[in-house]
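In what follows, a single structure is set out as C-alpha cells and then discussed.
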Amino acid sequence: MKNLLLLFVLTGVLWSQSAENPVTISASVNSPARAGEVVQVKISAAMDKEWHIYSIYKTSEGPLP
C-alpha cells in the first residue's frame with residue numbers, strides 16, 4: 001500500500017514538472033556574409049494567445065498588458 005501511494009505521489013510530482021514553452025523564437029539572415037562584412041539578422045518572437053507580457057513601466061492608467 002505504501003509503495004502504491006509513493007508511486008502516485010512520484011507520478012504527480014513528475015507530471016507537474018513538465019515545462020511549458022509558450023514563446024517561439026527564430027532568427028534569419030537576409031544574405032550570407034563573408035568575413036569582415038556587416039550582416040543584418042532578423043529576430044522574431046511569437047507567443048501563444050493565452051500568454052501575455054506586461055510592461056515594467058508605470059503609467060497613469062497602470063501597467064499595460
Percent RCO, i.e. relative contact order, over segment 24-65, from Cα pairs under 8 Å lying at least 6 residues apart
32
Roughly how many nanometres apart are two label points built 7 Å out from the Cα toward the Cβ at Phe8 and Met47?
3.8
Could you go through segment 38-51 in sequence order and give the Karplus-derived ³J(HN,Hα) for each residue, using 6.51 cos²θ - 1.76 cosθ + 1.60 with θ = phi - 60°, rounded to whole Hz, and x for Gly and Pro?
8, 10, 9, 10, 9, 10, 10, 10, 10, 10, 4, 5, 6, 9
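Among Met1, Met47, which comes first, then next, by fewest other beta-carbon atoms within 10 Å? Write down the numbers at each step before the final one.
Numbers: Met1 5, Met47 12.
Placing the least packed residue first, the sequence is Met1, Met47.
We did not get these values from a lab; they are worked out from the coordinates using the rules stated. Remember, predicted model here, so these are calculated numbers, not experimental data. Ideal geometry is used to build each Cβ from the backbone, glycine not excepted, and the neighbour counts take in all protein chains shown.
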